[in-house]
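To start, the structure under review is shown below, and the notes come after it.
The values are calculated or read from the model by the stated rules, or taken from the named source; none is laboratory data. Keep in mind that this is a model prediction, so the values were computed, not measured. In this analysis, Cβ positions are derived from the backbone assuming ideal geometry, glycine residues included, and neighbour counts consider all displayed protein chains. Ligands, DNA and RNA are stripped out before the accessible areas are found, and what is left, the full protein with its side chains, is counted by its heavy atoms. Shrake-Rupley method; radii C 1.70, N 1.55, O 1.52, S 1.80 Å.
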Amino acid sequence: MTTVTFLTEEARIIGFDAIGHSGYAEEGEDIVCAAVTSAVRLVDATINDVMGLCASVKVNEKDGSIAFRLPGGLASETEFACQNLLTGLMVYLAELHDEYPENIEVMEA
């Protein structure tokens, strides 16, 4: 199962940890893992490459984990955009959980 934990400080999402393979299908054919990876990469590319921020992204392919952390001290407009992206990711993954409850879990910490 893939577990995605969104990390918060007060009302701010500061990042997330995604751990594990979903187990929906064999590696390379797993649509749940592909959906999670694609969504995470989109958020990463938007925040780091398009917006030019330096969010920390650590990927461990052996255990299938991704750790993402926003930088602190963002301007209010930039913070707003990042929070919308991360909230959108959380909603998308929660909807994926509704479709595949045995394969993905979404939590807040």
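For the reader, a short list of remarks on this structure follows.
- Residues of the range 69-104 classified as closer than 14 Å to THR3 by Cα and either in a loop (DSSP other than H, G, I, E, B) or touching a Ser or Thr at 6+ places or on another chain (Cβ under 7 Å) (or both), total: 5
- The set of residues in the range 65-100 being among the small types (Gly, Ala, Ser) and either under 13 Å from ARG41 (Cα atoms) or in contact with a strand residue (DSSP E or B) (Cβ under 7 Å, 6 or more places away or on another chain) (or both) consists of SER65, ALA67, ALA94.
- Scope the range 32-88; condition among the β-branched types (Val, Ile, Thr), farther than 28 Å from PRO101 by Cβ and open to solvent by 60 Å² or more (accessible area, probe 1.4 Å); matching residues: VAL50
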